[in-house]
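Working notes, structure below.
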Amino acid sequence: MAMRKERPKHRTTIHEFTMNKTVGQHLLRNPQIIEEIVRKADLKSTDVVLEVGPGTGNLTMELLQNCKKVIAIEFDPRMVAELQKRVQGTEYVHKLQIIYGDALKVDLPYFDACVANIPYQISSPLIFKLLAHRPVFRAAVIMIQREFALRLVARPGDPLYCRLSVNAQLLSKVYHVMKVGKGNFRPPPKVESSVVRICPINPPPPLNFLEWDGLVRLCFTRKNKTLGAIFRKNQVVQLLSDNYHTYCSLNNITPSEVPVKERIIEILTTNNFEDLRSNKIDIDQFLLLLKLFNDQGFHFC
C-alpha cells in the first residue's frame, strides 16, 4: 500500500525583538492550536484568506498550506520584515500579499474568509468593519479576549448580554469554538482567550444600521431598567422630539399635536414593551420596536 506523503510542517519561531504590548502583540506559539484554528476555518484550496495582525507568521504559514492566497495586514514594520523573510525562497512566496498599515484604516480587499489572532483592543471595530465589507465573506475564525467572545455569543437573559451581543447577532451567526490559555502566547497576555467563528447573514437585514444601533444603544444605557423608565427620561424624550420634528420638516409632514412623550409611552404600552428590560429582549423584539417607532415618525439617528 502506498505510503501517505506528509506535508511539511512549519515550526513556530522565536524572535529576539521585544513585543509591543500596547498594540496587542502576543504571538500564538502553540502549533496544535494553530492547526486547530485553521481546521475550524474549513478553508477551500481556492480561498483568498485575510489575516489581520500576522506577527511573525506562525498562523500565516499554516494558512498558506490550505488556501490559494493569504492577504496579511500588519502595522509593525519589524513583523512585515520577519514575515517576508519567512516566505523568501519558499513555494509560498507568491501566495502571500502583505499590506503594511492599520487594519481599521486601510480599505479591505476581496476575501473569502478571515482567519486571525487579532489585536484585542481593536476587536469590536474590526469585527463590525468586517461585517460591513462587501461582497460578504463566508466566515471569520478569529482569536479574541475570552470575555469579549462570551459577550458576542450571549443570549437574552445572560448577564453578559449587551449591545455588542445584539448588534453582532443581527448581522451574523456567532459560535464559540474553543478556549485558549495564556500559556499558548509569547508574551502571555493578562487575559484568557477564545476562538470564535462568525458567519455573516447574507443577504444582510434590510435596515439602516446606524438607526438600529441608535435604538439599541439607548435601550442598553440602563439594561436592567424597564423600557418605560428609559423612554420617560427627559433627555430621551427631547432626542426623539428633535428627530421627529426634523423628519417631519424634511418630508413636509405636519407634526402631530399630541405631546411626544405621550405618544412614546403609548407605543410602549399598546405593544407590551413598557415593562420589558433590554437584557431580556431578543433581536426580533428589537426589530419590532424599531418598526413601531419608525411607523410613528420617530427615528434614532
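The values are calculated or read from the model by the stated rules, or taken from the named source; none is laboratory data. Keep in mind that this is a model prediction, so the values were computed, not measured. Here the Cβ positions follow ideal geometry from the backbone for every residue, glycine too, while neighbour counts run over all protein chains shown. The accessibility values were calculated without ligands, DNA or RNA, using every heavy atom of the protein model including side chains. Shrake-Rupley method; radii C 1.70, N 1.55, O 1.52, S 1.80 Å.
For V174, the conditions (1) open to solvent by less than 30 Å² (accessible area, probe 1.4 Å); (2) in a helix (DSSP H, G or I); (3) in contact with a strand residue (DSSP E or B) (Cβ under 8 Å, 6 or more places away or on another chain) are fulfilled apart from (2).
As for the stretch 45-65, it holds at least one residue that is within 22 Å of K190 (Cα to Cα) and part of a helix (DSSP H, G or I).
Is one or more of the residues making up the stretch 216-239 over 30 Å from C114 (Cβ atoms), touching a Pro at 6+ places or on another chain (Cβ under 8 Å) and not polar (S, T, N, Q)?
Here is the first cut: in the stretch 216-239, the residues over 30 Å from C114 (Cβ atoms) are 218, 221-222, 224-239.
Those left that are additionally touching a Pro at 6+ places or on another chain (Cβ under 8 Å): none.
No, every residue in the stretch 216-239 fails to be over 30 Å from C114 (Cβ atoms), touching a Pro at 6+ places or on another chain (Cβ under 8 Å) and not polar (S, T, N, Q).
Take the conditions (1) of a type outside the set (F, W, Y); (2) without any contact (Cβ under 8 Å) to a residue 24 or more places away in the chain; (3) under 30 Å from A139 (Cβ atoms); S241 misses just one of them, which is (3).
Got at least one residue in the stretch 210-230 being open to solvent by 30 Å² or more (accessible area, probe 1.4 Å), farther than 23 Å from D158 by Cβ and under 29 Å from the mean Cα position of the chain (by Cα)? Scanning the stretch 210-230 turns up at least one residue that is open to solvent by 30 Å² or more (accessible area, probe 1.4 Å), farther than 23 Å from D158 by Cβ and under 29 Å from the mean Cα position of the chain (by Cα).
Check the stretch 192-206 and report whether any residue there is hydrophobic (A, V, I, L, M, F, W, C), open to solvent by less than 80 Å² (accessible area, probe 1.4 Å), modelled with pLDDT of 95 or more and assigned to a loop (DSSP other than H, G, I, E, B).
Step one: list which residues in the stretch 192-206 are hydrophobic (A, V, I, L, M, F, W, C), which gives 195-196, 198-199, 201.
Going one step further and asking which of them are open to solvent by less than 80 Å² (accessible area, probe 1.4 Å), we end up with 195-196, 198-199, 201.
Next cut, modelled with pLDDT of 95 or more only: 195-196, 198-199, 201.
Add one more test, that the residue is assigned to a loop (DSSP other than H, G, I, E, B), and what stays is 201.
Yes, the stretch 192-206 contains a residue that is hydrophobic (A, V, I, L, M, F, W, C), open to solvent by less than 80 Å² (accessible area, probe 1.4 Å), modelled with pLDDT of 95 or more and assigned to a loop (DSSP other than H, G, I, E, B).
Filter the stretch 59-80 for residues that are polar (S, T, N, Q) and either under 16 Å from G101 (Cα atoms) or buried (at least 22 other Cβ atoms within 10 Å of the Cβ) (or both) and give the result. Selection gives T60 alone.
Of all the residues that make up the stretch 240-257, how many are in contact with a helix residue (DSSP H, G or I) (Cβ under 8 Å, 6 or more places away or on another chain) and open to solvent by 40 Å² or more (accessible area, probe 1.4 Å)? I'd like the intermediate steps shown before the answer.
So the first thing to find is which residues in the stretch 240-257 are in contact with a helix residue (DSSP H, G or I) (Cβ under 8 Å, 6 or more places away or on another chain), and the list is 240-241, 244, 253-256.
Subset that is open to solvent by 40 Å² or more (accessible area, probe 1.4 Å): 253-256.
Result for the stretch 240-257: 4.
When A72, A103 are screened for being touching a strand residue (DSSP E or B) at 6+ places or on another chain (Cβ under 6 Å) and assigned to a loop (DSSP other than H, G, I, E, B), only A103 passes. Restricting E74, E82 to residues that are in contact (Cβ under 8 Å) with a residue 60 or more places away in the chain and touching a Gly at 6+ places or on another chain (Cβ under 9 Å) narrows the list to E82.
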